[in-house]
Amino acid sequence: MISKLKNKYFSMPVQVRASLWYLVSNFMQKAIAVISTPIFTRLLTTEQYGEYNIYTSWMGILTVIITLNLSLGVFLQGMVKFEKDAKVYASSLQGLSLVLCSGWTIIYFLFHDFFNHLFGLTTIQMTCMLLTIWTTTVFAFWSGEQRVNNKYRLLVGLTILVLIAQPTIGVVLVIFSEAAYKATARVLGVVIVNLAAYTWCFFVQMKRGKTFYSKKYWLYALKFNLPLVPHYLSQTMLYSCDRIMIGYYISDDAAGIYSLTYSVANIMTMFNIALSQALGPWIYRKIKERRAQDIASVIYSAMLVVAAANLVLIMLAPEAIAVFAPPQYSDAKWAIPPIALSVFFIFLYDNFAAFQFYFEKSWFVMAASVSGAVINIILNYLFICPDMLNLGYISAGYTTLICYILYALGHYICMRWVCRKHLDGVRVYDPKILLGLSVFLIVSGLLMTFTYELPVLRYSLVGIVLLLLIIFHKKVIAFVRKLMDMRKSNREAGNSKL
């Protein structure tokens with residue numbers, strides 16, 4: 001059996017093996033983040049945990065501003081477009097990234113008191129952040145080159161090593177640090193591993209390309225990515241600004257409790273990623289074949305699965321919080337329903353946006369991202385700010401839910417426009433079905449919060465859900481098999497192009 005699997009594995013084209021290992025490493029990244037959360041919530045107070053999460057939220061936003069996300073689409077596209085000069089292209093973008101990071105570092109140290117007050121962080125934390133941003137970008141350039149060339153062994157090995165080392169060293173530093181510096185110790189655990197694991201990637205690519213500055217490639221990268229910065233920044237702010245605003249207007253303690261909900265929701269995010277990776281290529285192929293009408297039946301089934309999984313998480317929120325953190329985090333259970341429901345609408349958005357990406361209508365995506373981020377900031381201010389409605393930090397979960405509902409709705413409208421223009425007006429989804437399932441899930445999820453203090457009723461409802469799964473297990477198995485068939489056809493379609 002083992003030898004048969006081994007032969008089958010090595011008979012796969014290198015592109016398929018590489019994709020498989022990239023999937024494994026991406027899954028491990030989420031899994032280790034989930035696994036390490038219960039450890040750090042027990043080593044850090046809610047205030048310290050909130051301080052660390054505010055730090056990571058600001059880092060996500062500043063990464064876009066400082067690096068312009070040059071290591072994303074423009075790098076991979078350029079590596080293919082300038083294939084004959086790929087090494088020079090890679091080294092020149094490493095040079096551009098270093099200039100941008102160094103420039104912002106100089107600006108920070110010239111006005112460090114202002115920035116420390118603005119971000120609510122210390123000089124040590126800000127220095128660690130700048131180093132982390134640079135080293136992460138350095139690794140992203142190198143890993144992008146490895147992906148383009150299908151060299152996955154060293155990349156996957158290094159990724160797994162870092163994923164294990166960061167929380168391990170972080171735990172050691174937190175344990176042996178003083179109470180006032182435990183959040184900083186957690187930050188140091190990340191930057192130490194990054195410096196040790198990633199810095200060499202910069203020198204390797206510089207040695208290969210032997211080019212620090214290239215007017216042609218610097219201008220190409222800047223012209224390509226600068227217009228996309230609002231989109232990247234808006235996406236990051238939509239995900240991060242609630243925790244930052246809770247920390248600013250309420251407390252780091254509240255931000256820590258609220259942040260735990262995102263760690264728990266990562267379970268559903270992993271589930272979403274797995275589904276999207278199976279469905280995404282299939283959806284694109286159906287669009288290409290002009291058979292978009294075939295998509296709905298499969299996506300409806302997927303929606304039901306995602307909805308059911310999120311509903312189970314909402315039902316078991318008190319238990320999930322108890323597993324992930326000590327009793328002082330228990331109030332986080334009240335934010336689980338809106339955040340879990342948001343994951344469902346993210347899944348909808350992914351499927352609607354596929355049509356815009358396929359027909360290269362990226363400005364639709366940008367408009368939706370910017371609108372969602374702006375609305376989120378306004379609603380958070382109205383709900384959280386003590387001078388406004390002052391509804392408390394749990395309300396931030398509901399502003400997030402509202403924004404993702406509007407986000408999905410905006411992309412649905414854009415998808416309808418794209419279908420009218422490029423697919424002869426085909427109606428891919430029935431809006432009544434989408435609306436009906438969405439309303440049912442929202443109402444069910446929010447009503448479930450009233451059972452959190454009634455465990456007998458809640459456990460009875462969980463039992464009913466499990467009973468329904470047993471009754472309809474054949475349909476669930478059939479859906480899983482259909483997903484596996486899609487993955488197989490995706491691989492076969494990829495092989496036929498080799």
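The values are calculated or read from the model by the stated rules, or taken from the named source; none is laboratory data. Treat the numbers as computed from the prediction; the structure is a model and nothing was measured. Methodologically, a virtual Cβ is constructed for each residue, glycine included, from the backbone with ideal geometry; neighbour enumeration extends over all protein chains shown. Remember, those area values only see protein heavy atoms, side chains included, never the ligands or the DNA or RNA. Shrake-Rupley method; radii C 1.70, N 1.55, O 1.52, S 1.80 Å.
Highest mean first, the peptides 221-231, 338-348, 323-333 sorted by other C-beta atoms within 10 Å per residue fall in the order 338-348, 323-333, 221-231. Subtracting the Cα-Cα distance of residue 168 and residue 468 from their residue separation scaled by 0.36 nm leaves 103.9 nm. A straight line joining the Cα centroids of segment 127-189 and segment 272-336 runs 28 Å.
Out of all Cα-Cα pairs in the chain, roughly what percent, to the nearest whole number, are more than 46 Å apart? When every Cα pair of the chain is considered, 11 percent fall beyond 46 Å.
Nonpolar atom fraction for the chain, defined as the carbon and sulfur part of the 1.4 Å probe accessible area, stands at 70 percent. Compactness of segment 36-113, taken as the C-alpha radius of gyration over 2.2 N^0.38 Å, stands at 1.55. Mean residue ellipticity at 222 nm, helices only, the chain: -28500 deg cm²/dmol; runs of at least 4 DSSP H residues each add -39,500 (n - 2.57), and the sum is divided by the number of residues. Scalar couplings 3J(HN,Hα) for segment 318-329, obtained by applying the Karplus form with A = 6.51, B = -1.76, C = 1.60 to θ = phi - 60°, are x, 5, 4, 5, 5, 6, 7, 7, x, x, 5, 9 Hz; x denotes Gly and Pro. Note that segment 335-398 presents 37 Å² accessible area per residue, ligands and nucleic acids not counted, probe 1.4 Å.
Pairs of alpha carbons in segment 367-421 separated by more than 19 Å make up 37% of all such pairs. The mean sequence distance of close C-alpha pairs (under 8 Å, at least 6 residues apart), as a share of the length of the chain, puts its relative contact order at 20 percent. Note that segment 276-386 carries a Kirkwood radius of 16.7 Å, evaluated over its alpha carbons pair by pair.
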